[in-house]
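A quick write-up on the structure given underneath.
The values are calculated or read from the model by the stated rules, or taken from the named source; none is laboratory data. This is a predicted model, so every value here is computed, not measured. Quick reminder, even Gly has a Cβ in these numbers, built from the backbone with ideal geometry, and neighbours come from all protein chains shown. Remember, those area values only see protein heavy atoms, side chains included, never the ligands or the DNA or RNA. Shrake-Rupley method; radii C 1.70, N 1.55, O 1.52, S 1.80 Å.
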Protein chains: 2
Amino acid sequence: MAMDRRKFIRTTALSTGLAVAGGLASASCGLQGKKDASAAAGSSKAKDVKLNISFQENTAPGESLSEKFDFMEKLGVTGFEPWGGGLYDRVTSIQDALKGRNIKISAVCAGFEGWLLADDDAIKQKCIDSSKRIIEAAGALGAAGMILVPAFNSQKSWPHTLETRERLVNELRELAQFAEQHKTSLILEPLNRREAFYLRLVSDAAAICKDVDSKGIACMGDFWHMTWEETSDYGAFLSGGKYLNHVHIASRKRRRMPGEDGEADNYIDGFNALKAMDYQGFISFECGTEEDRNVVVPAAVDLIKKQWEMDC
Amino acid sequence: MAMDRRKFIRTTALSTGLAVAGGLASASCGLQGKKDASAAAGSSKAKDVKLNISFQENTAPGESLSEKFDFMEKLGVTGFEPWGGGLYDRVTSIQDALKGRNIKISAVCAGFEGWLLADDDAIKQKCIDSSKRIIEAAGALGAAGMILVPAFNSQKSWPHTLETRERLVNELRELAQFAEQHKTSLILEPLNRREAFYLRLVSDAAAICKDVDSKGIACMGDFWHMTWEETSDYGAFLSGGKYLNHVHIASRKRRRMPGEDGEADNYIDGFNALKAMDYQGFISFECGTEEDRNVVVPAAVDLIKKQWEMDC
């Protein structure tokens with residue numbers, strides 16, 4: 001799992017990288033050495049599913065929201081994922097900045113205080129209270145939901161037992177019902193084990209959603225975390241199923257812009273699942289870069305668009 | 001999750017149940033309210049995958065192995081899954097009983113002492129030592145592997161943390177390497193939370209296999225447990241992927257013979273995944289019945305054969 005800090009591949013090389021990724025796809029998607037389950041997704045029906053790309057606050061270059069939105073519109077990026085912290089006080093300014101644009105709020109990225117699995121009631125309550133304020137803002141902005149990680153590894157929590165799982169489901173149900181009232185949702189995000197061992201698999205997040213059993217609960221997958229934890233992007237998204245309403249994307253070795261890690265940045269198997277599921281949500285950038293955003297961001301969008309059209 | 005103890009559906013009713021299940025399939029397989037990802041698996045290629053059915057020791061009626069094998073052969077059942085306890089001393093007699101028959105040992109069901117996640121070293125070591133003896137027998141009998149549950153809920157174990165996961169992976173690697181030497185494998189079985197909270201999802205078992213990284217490690221799915229824990233049979237098996245080398249089947253409400261729970265006994269979505277993956281392993285009965293085995297067992301085999309041919 002050591003990060004392979006490859007030499008950065010410039011835009012010209014990105015096309016080559018894509019070509020290689022495309023070439024690899026027929027061998028690497030689906031299941032190694034077995035028939036290609038994913039190929040099945042490449043029906044003409046599945047091809048019609050629209051790709052909706054979203055950026056976080058820091059993805060596009062530019063100082064103001066307006067500059068960032070101009071950049072996004074030029075690339076055909078139609079989603080924006082703001083940070084949840086302080087969002088309640090930014091609702092009007094964001095709504096103003098969105099006026100007359102073909103950009104919607106995709107989801108709201110965390111920003112709450114405390115954590116839900118805390119064995120300290122005050123910390124848990126802080127999480128619930130601050131989450132509700134962000135959920136209200138998320139609803140007002142028409143977001144699919146607010147992203148929540150139940151606990152990071154560093155956050156002292158209840159032991160990982162059946163009782164804790166049942167406790168979590170009850171807490172989530174309260175928040176999910178609140179989210180539903182505000183026409184939005186609470187989106188569970190699995191992370192890789194180094195960040196949050198408690199929830200690592202999309203299928204586990206989906207299983208929690210099944211138990212919560214509320215219209216206000218959802219889950220997501222992040223290609224970056226999935227790289228380390230999942231055995232199949234296709235299987236993971238399919239298990240997410242009807243609960244999956246958001247996706248994060250990044251390069252698959254260093255969490256940079258998609259394409260910066262060359263051949264590793266193959267999302268075709270996962271995309272095939274999303275198309276087969278008729279996924280209507282956004283694929284949102286959550287990644288950094290040390291390169292010029294004016295170069296690597298458009299290249300990343302191009303790579304994603306091309307891979308979305310590919311079947312393996 | 002309460003068991004619905006329906007009135008038993010007799011063989012004649014089973015056909016009706018199957019017809020209903022077939023009718024339901026187009027609505028229930030794949031993802032509710034979304035495009036049918038599983039339909040994709042119904043390619044002519046996938047249809048060619050052979051169905052291999054297996055029975056455990058108590059599935060078929062009959063007093064002796066010979067009587068049971070006669071019954072199985074009449075139904076076209078080509079796999080036998082013996083109990084691991086005491087298996088080492090039964091190798092020759094089982095080999096003799098199999099002579100001249102079209103029946104192979106599918107897998108070996110547990111039978112070891114102690115448990116691998118024990119925080120007591122003596123208990124853990126007992127598990128390793130007794131497992132090795134069964135693995136030797138499994139290898140001699142040509143079984144795909146020995147099925148292992150890392151710990152049941154009642155078995156005092158290490159807390160469920162990242163450190164425990166790493167400890168487990170190391171223990172499994174030792175056993176998997178031993179299994180590989182004996183041309184067989186160690187098969188991780190996820191159970192439902194009421195039996196074994198530690199490992200509930202096929203994707204999690206597969207992720208452990210990925211970490212163990214040995215030819216001697218594998219995982220399986222049991223439709224009974226999957227009913228309660230998975231959100232998608234298709235996604236679960238696909239995540240199992242190349243690690244999946246065994247499957248258990250039972251009715252989906254009461255763990256009886258497939259078909260005894262009527263419409264609930266729909267395996268088509270999972271079967272579609274297995275066919276798409278070119279699954280070469282067995283689907284083995286692990287279930288009881290209160291009915292006449294001479295009636296319900298053949299009906300169950302018939303139901304499975306029919307659903308294997310269906311695409312939804």
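Descriptive notes on the structure:
- Residue, nearest to A:HIS160 (Cα to Cα), within segment B:155-177, restricted to residues that are outside any helix (DSSP H, G or I) and within 12 Å of another protein chain (Cβ to nearest Cβ): B:HIS160
- The set of residues in segment B:62-78 being assigned to a loop (DSSP other than H, G, I, E, B), within 14 Å of B:VAL297 (Cβ to Cβ) and not aliphatic (A, V, I, L, M) consists of B:GLY62, B:GLY76.
- Single match in B:VAL77, B:VAL108 (criterion: in contact with a strand residue (DSSP E or B) (Cβ under 8 Å, 6 or more places away or on another chain), buried (at least 24 other Cβ atoms within 10 Å of the Cβ), β-branched (Val, Ile, Thr) and within 24 Å of B:LYS306 (Cα to Cα)): B:VAL77
- Residues in segment A:121-155 that are charged (D, E, K, R) and touching a residue at least 40 places away in the same chain (Cβ under 8 Å): A:LYS124, A:LYS132, A:ARG133, A:GLU136.
- Filter result for B:ILE283 (surrounded by 23 or more Cβ atoms within 10 Å (Cβ to Cβ), in contact with a Cys (Cβ under 6 Å, 6 or more places away or on another chain) and at pLDDT 95 or above): no
- The lone exception for A:THR231 - which of (1) touching a helix residue (DSSP H, G or I) at 6+ places or on another chain (Cβ under 8 Å); (2) open to solvent by 20 Å² or more (accessible area, probe 1.4 Å); (3) outside any loop (DSSP other than H, G, I, E, B) it fails: (3)
- Checking segment A:252-270 against the condition returns no match, with no residue being facing chain B (nearest Cβ under 9 Å), surrounded by fewer than 24 Cβ atoms within 10 Å (Cβ to Cβ) and touching a residue at least 24 places away in the same chain (Cβ under 8 Å).
- In segment B:231-248, the residues that are more than 7 Å from chain A (Cβ to nearest Cβ) form Cβ pairs under 6 Å with partners that are open to solvent by 10 Å² or more (accessible area, probe 1.4 Å), at six or more places apart or across chains, as follows: B:ASP233/B:ASP269; B:ASN245/B:ALA144; B:ASN245/B:GLY281; B:HIS246/B:ALA144; B:HIS246/B:GLY281; B:HIS248/B:GLU286.
- Number of positions in segment B:286-312 that are closer than 22 Å to B:PHE237 by Cα and modelled with pLDDT of 95 or more: 11
- Residues of segment A:79-98 that turn out to be within 20 Å of the chain's Cα centre (by Cα), outside any helix (DSSP H, G or I) and not acidic (Asp, Glu), as a count: 6
- Taking the listed residues B:ALA122, B:ALA143, B:ALA207, B:ALA151, the one that is of a type in the set (Gly, Ala, Ser), within 14 Å of another protein chain (Cβ to nearest Cβ) and over 23 Å from A:GLY235 (Cα atoms) is B:ALA151, with no other qualifying.
- Applying the set (1) open to solvent by less than 30 Å² (accessible area, probe 1.4 Å); (2) farther than 17 Å from A:ASN245 by Cα to A:ILE187 leaves exactly one unmet item: (2).
- Among the numbered conditions (1) among the hydrophobic types (A, V, I, L, M, F, W, C); (2) open to solvent by 10 Å² or more (accessible area, probe 1.4 Å); (3) assigned to a helix (DSSP H, G or I), the only one that A:PHE197 does not meet is (3).
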